[in-house]
Amino acid sequence: MIRRHSVLAALAIATVFLAGGTHTALAADKVCQLAIAGSDAMLFDKKELDVAADCTQVELTLTHSGKLPAAAMGHNWVLVKTADVTTVANAGMSAGLANNYLTPNDPRVIASTKTIGGGQSASVTFPTSKLTKGGDYTFMCTFPGHYVIMKGIFKFG
Ligand code: ZN
């Protein structure tokens, strides 16, 4: 009798687990929030962003603390492997503001916000499953010419 109950209990747990599926995983998500600002002086207010190893999602919010419009002093936040910085930035330059200065669907872009002007903000949420712990990542603004100064180190784990 005891054995029979155990089997039933095990079956019940398995059913709940299967039915839960994706929802169970989502409930375990740890969303880590980051904030960064870009200014009319063509600068980010942070040189480094750190994400702890147990974060499963990153929610980054970019704020433009200046007053200039996106066409003149636009900023976005783009995350790439450090080795891809120059290639992605150069390709994005010709893509224009309509494409947020990024080649559409560029596979080298891990995450990116839209390009914003003074007083605006934009957010992006992405899973850390796209990252390798201890990997060499850089965030930057791909508005033409900005990435040379507007970039920083992104650390995960
Ligand atoms: Zn910029």
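Karplus-based coupling profile of the range 82-96, in residue order and whole Hz: 3, 5, 9, 3, 5, 4, 5, 5, 5, 5, x, 3, 7, 6, x, with θ = phi - 60° in 6.51 cos²θ - 1.76 cosθ + 1.60 and x standing for Gly or Pro. Computed over neighbours whose Cβ is under 12 Å from that of THR142, the net charge equals +1, Lys and Arg +1, Asp and Glu -1. The label-point distance for THR82 and ASP50, in a model that sets each label 7 Å from Cα toward Cβ, rounds to 1.6 nm.
Each 10 Å bin from 0 upward holds the following percent of the Cα-Cα pairs of the range 30-156: 14, 50, 32, 5. Label zone (THR132, point 7 Å along Cα-to-C-beta; backbone nitrogen cut-off 18 Å) within the range 40-55: 51, 53.
Modelled label positions at SER121 and LYS30, each set 7 Å beyond Cα in the direction of Cβ, lie 2.4 nm from each other.
Per 0.36 nm of contour for each residue apart, how much would the distance between ILE153 and ALA71 grow if the chain were fully extended, relative to their Cα-Cα spacing?
26.9 nm is the gain from fully extending ILE153 to ALA71.
Values in this text are rule-based calculations from the coordinates and carry no lab data. All values derive from a computational prediction rather than experimental measurement. Neighbour counts run over all protein chains shown; Cβ positions are idealised from the backbone, glycine included.
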